[in-house]
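Peer 1: Sharing a structure below in structure tokens format, with a few things to ask.
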Amino acid sequence: MSIGIPTVNTRRLLMDYFGTVSEMTSDGRAVAVAAAPPEMGDPVFDDRKHNVGKIIRIFGPVDAPYVSIKADGPSSLNIGMELYTQKVRYNGKNKRRY
């Protein structure tokens, strides 16, 4: 867990605050400023713990990176929406585990 970043704890998921959607691109992707450096391909959740997309691209400065998020549905991401990420664990064979 990161210090100073709020977390949402549910029975099965431990989610960290990711950031807020600042812009929507013309091809339907959302751009957000990340509170902590994320990993490529990590799932992104809304405040109701629904999966709304995944991280496609990370760009910008290292201390406050911008992240491009591909939405799962046509209206699942809106400007100003708070987003959360789930910690991804890896097993011994370097496969993802949620």
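The values are calculated or read from the model by the stated rules, or taken from the named source; none is laboratory data. Bear in mind that the values here come from a model prediction, so they are computed numbers and not experimental data. No Cβ is skipped: glycine too gets one built from the backbone with ideal geometry, and neighbour counts run over all protein chains shown.
Peer 1: Is it the case, given these coordinates, that ARG29 is more than 12 Å from the chain's Cα centre (by Cα) and at pLDDT 90 or above?
Peer 2: Yes, satisfied.
Peer 1: Moving to a separate point now. Pick out the one residue from ASP47, ASP42, ASP72 that is loosely packed, with under 14 Cβ neighbours inside 10 Å and either charged (D, E, K, R) or in contact with a His (Cβ under 9 Å, 6 or more places away or on another chain) (or both).
Peer 2: Exactly one of ASP47, ASP42, ASP72 is loosely packed, with under 14 Cβ neighbours inside 10 Å and either charged (D, E, K, R) or in contact with a His (Cβ under 9 Å, 6 or more places away or on another chain) (or both), namely ASP47.
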